[in-house]
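None of the figures in this text is laboratory data; all of them are computed from the coordinates on show. This one's a predicted model, so the numbers in the text were calculated from it and none came from an experiment. A quick note on method: Cβ atoms are made from the backbone with ideal geometry, for glycine too, and the neighbour counts reach across all protein chains shown.
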Amino acid sequence: TNAPSRRLHILSASEVEALYGRPQFTDEDRSHFFALTAEELTELSTLHTIGSRILFILQLGYFKAVQQFFLFKPADVADDVQWIQQTYFANAQHPIPLAGRTTRLKQQQIILQLTGYRLCREPEREQLRLRAAQTVRISSKPLFILRELRRYLSEQKVVAPGYSVLQGIISVALTAEQERLGASIKVQLSSADTEALLQLLKNPYGLYEITRIKREPKDFGETEIRREIERGEQIATLYDITQRILPYLNISEESVKYYASLVGYYSVYKL
């Protein structure tokens, strides 16, 4: 299924950058992430030029930090390159150009092997779609689903696909869940049930019934308590309907609370 053309908003631009942007290292970070194990040093020794070795350390360090690969211009990573050169290749002539695209892609395969990660190809994306379909029953909040998918990718040692890919997967999962719930409710609701619910959106006394329900009591006085009791008796039928139907929806308590909160969030017109 194709994702809707209008992208689902989950993160702000700054949040996307924080999640997917190239890491900005301090010297302390560089000492940690650009340090090489014996196995990594062995791989480094197979590379023929200093430029390819610097690029390897650079890509490996970034990947260790955020499990992502990056495209970058030499000027953008000049401080990191300088640190690597001074630490590992102090006797080399300056400046040393980084290796090109072919070498970069070959090194990424080596890094995946060293770290045990794999790219998010179609089989992995299909698993993500299944995971999203399961997660949406726990919570329909897009941010929750995104976090769960990112956590799942990390557990499975899969390089996270781009933000737009995850947006699309989550959009499709949410749409499918809305359709599933709608179909289930349609089967379970009788015509009398439907009419009882629609009464909430009618305005017989200058105030919508659902607005009357949403209003908090002014105080704990006898009059207000009596009104609350009367209100409870009025909606007792609705409560019975929900108790009968909710088990068929197969959603979590968190989702029940989320959908209930929408009644307070939206206007009567939107509802």
Hey, what angle do you get for helix 253-265 against the long axis of the chain, alpha-carbon based, 0 to 90 degrees rounded to 10?
-> 70
To the nearest 0.05, how large is the calculated FRET efficiency for LEU105 and LYS141 if R₀ is 41 Å and r is the Cβ-Cβ distance?
-> 0.65
Can you work out the FRET efficiency for the pair GLU254 and ALA192, with r the C-beta to C-beta distance and R0 = 30 Å, to the nearest 0.05?
-> 0.50
Whats the longest run of the chain with zero trypsin sites (Lys or Arg not before Pro) that are DSSP loop and have at most 15 other Cβ atoms within 10 Å?
-> 8-120
Relative contact order (percent, whole number), the chain, Cα cutoff 8 Å, 6+ residue spacing = 22
Cα radius of gyration and Dmax for the chain (Å) | 28.0, 88
Rounded tilt (10° steps) of 122-135 against the dominant C-alpha axis of the chain = 30
What residues qualify as long-range amide H neighbours of ARG118, i.e. H under 5 Å apart, gap of 5 or more or another chain, H built at 1.01 Å from N?
-> VAL158, VAL159
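How large, in Å, is region 1-79 by the Kirkwood hydrodynamic radius built from its alpha-carbon pairs? Each step should come with its number before you reach the end.
Values: mean 1/r = 0.0671 Å⁻¹.
In region 1-79 this quantity evaluates to 14.9 Å.
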Hey, got a sec? Which GluC sites (Glu not before Pro) in region 176-271 land in a DSSP loop and have at most 16 other Cβ atoms within 10 Å?
-> none
For LYS106, the lysines lying under 26 Å Cα to Cα, once residues fewer than eight places off in the same chain are dropped, come out as LYS64, LYS73, LYS157
Estimated D of region 147-271 in µm² per second, where Rh is the Kirkwood radius over Cα pairs and Stokes-Einstein applies at 25 °C, 0.890 mPa s | 137
Counting pairs on different chains as well as pairs 8 or more places apart, how many Lys pairs in region 161-271 have Cα atoms under 17 Å apart?
-> 4
